Amino acid sequence: MQPVLLATVHHPNVSLPQLQQVVASVSKIFSSIYVTISSVTTTDITHLLDKAPKFHCRIIEPHGAADARRKVLEFGLRDVQYAAPFFYCDFDKVVVAVERAESALETFVNHLQVVDGYQIVGRDSVVMRSYPATWRETEAITNKAASAVFGLSDLDITAGCCAFSQEAARYILANSEGLLTDTEWPTICKAAKVPIAAIKVSFLPYDPVVNAGRDDENWRGYASRLRLAYQALRSLEQGADSLNRTDPLKQVRVGWPYNGH
């Protein structure tokens, strides 16, 4: 069964012809596509996605990446009526994957098997070298800590990409409230005793036009990236602390979200 793509769209730096090609490609690869689109995204992009086959769109106010990810997860869980796995990927990375490595993306999706688990999807060593030093060097701190927490060697948890079952998705949605879901979501799954695996892929290269952040190529870029690394470490620390307590996870409501309420 083809997976369902979940993505968050926030004013992507793409042309309409670019976007049309991306839409055509992902519509072939995935059974359906659910996206939350921030209200500051241009009308042309929003209209194109809203009218695209297999796309299901919801306009949201911009309240950060974590909020947008939770909302698209809720959107997909409430709407998907069959037991397909979910594949989450930031939309800017979907754009680059289609343009630079579509065959690798399609092969990965076609062989995706998460069954009842959660899979951390990271970047292989070749792809990682395409990222600015400000990204690589700060994310290395997070990834080293995450490797220790999850007992998975050479982990890349900061790629903005993951796959999980709908069972795992319900645990995540019932318990997610943090600022950085890359580290929070697998921590929730670990607490729920959901199996966690990791894989590295070649379809997540850096594109300086599509993926660029502020000051990526100069020393000022370290400030914003270190703040993200600190948030990630705090998330891992809080997750590890909660695993050492007896506090249960919030219960997932029986039958939800299939009852339509």
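The values are calculated or read from the model by the stated rules, or taken from the named source; none is laboratory data. Please read all numbers here as calculations on a predicted model, not as lab measurements. Reconstructed Cβ throughout: ideal geometry from the backbone, glycine too, with neighbour counts over all protein chains shown. Quick note on the areas: whole protein, heavy atoms, side chains included, nothing else; ligands and nucleic acids left out. Shrake-Rupley method; radii C 1.70, N 1.55, O 1.52, S 1.80 Å.
Taking region 158-186, which residues are of a type in the set (Val, Ile, Thr) and open to solvent by 10 Å² or more (accessible area, probe 1.4 Å)? Break it down stepwise before answering.
Within region 158-186, the first condition is being of a type in the set (Val, Ile, Thr), and the residues that meet it are 158, 172, 181, 183.
Within region 158-186, Thr158 is the sole residue that qualifies.
Note down all Cβ pairs under 6 Å where the first residue falls in region 128-154 and is in contact (Cβ under 8 Å) with a residue 60 or more places away in the chain, the second is among the acidic types (Asp, Glu), and they're at least six residues apart or on different chains.
Pro132/Asp216; Pro132/Glu217; Thr134/Asp216
Do the conditions hold for Thr8, that is, is it more than 21 Å from Gly160 (Cβ to Cβ), of a type in the set (Val, Ile, Thr) and either in contact (Cβ under 8 Å) with a residue 60 or more places away in the chain or open to solvent by 30 Å² or more (accessible area, probe 1.4 Å) (or both)?
Answer is no for this residue.
For a quick check of your reading of the model, give me the residue pairs whose first member lies in region 204-221 and is polar (S, T, N, Q), whose second is assigned to a helix (DSSP H, G or I), with beta-carbon atoms closer than 6 Å and at least 6 apart or on different chains.
Asn211/Asp92
Quickly run through region 84-105 and pick out the residues that are touching a residue at least 60 places away in the same chain (Cβ under 8 Å) and surrounded by fewer than 18 Cβ atoms within 10 Å (Cβ to Cβ).
Correct list: Glu99, Glu102, Ala104.
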